[in-house]
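Rule-based calculations on the coordinates, nothing more; no lab input. What you see is a predicted model, and the numbers here were worked out from it, not measured in a lab. Note: ideal-geometry Cβ built from the backbone for every residue, glycine included; neighbour counts use all protein chains shown.
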């Protein structure tokens, strides 16, 4: 499908992004609709099958903190999800992250490298299927994650946070069951070594001409139109 400007449109009606375009990868808080994580990224690929984006080292982001400025993970688990929160502008100080997401899949797969482009791991981030809008994609994190090593071994991550989120009411029993089912489905893909694990993305490198995308002042804007 092509729009009047000659751009290919996704099935959701939002124009396809071209490699090198800058968009926002955002997450809503689990107890409301406010955006509390925002990461400017560069589009690598955008097709019917896959959205791939690159978050460069040094990218200015928005992340949640406690209302007094305490980093979330410095707070004991028992009160981590019950104390008032705020958001803070910060920077991504690690090596870059390549994020891969297939439409309607309740997870995205992130690739991490050590300095010098030594591949470290894949990371399956369980989340709501992303909603596309003109400026990027929005989702909601589901706490539970899976890491996958180069030798294809895997392990669960953040099971304690997942249990605590359930305990304090950030997700009900039905949603928690859905998230566990999504995790098992992701493990089936890993066991079969399906896409994107089998696609060689660990050998990908960013275009050296790309610049780090800026964090816009209206990073938390409400899209005029969104599509799933």
Convex hull over the alpha-carbon atoms of region 151-228: what's its volume per residue in Å³? 213 Å³
Calculate the length of the line joining the C-alpha centroid of region 162-228 to that of region 79-99, in whole Å. 15 Å
Helix-derived [θ] at 222 nm for the chain: sum -39500 (n - 2.57) over DSSP H runs of at least 4, divide by residue count, nearest 500? -4500 deg cm²/dmol
Treat each spin label as a single point 7 Å out from the Cα along the C-beta direction, and report the residue 175 to residue 45 distance in nm. 3.2 nm
Length-normalised contact order for the chain - Cα pairs under 8 Å, 6+ apart - percent: 19 percent
Over the Cα atoms of region 1-117, Rg to Rh with Kirkwood Rh, two decimal places? 1.04
The ratio Rg/Rh over the Cα atoms of the chain, Rh being the Kirkwood inverse mean 1/r radius, stands at 0.95
Where in region 176-204 does the label zone of residue 114 land, with the point 7 angstrom along Cα→C-beta and an amide N cut-off under 19 Å? 202-204
Per principal axis, largest first, the Cα atoms of region 71-195 extend in Å by 38, 34, 34
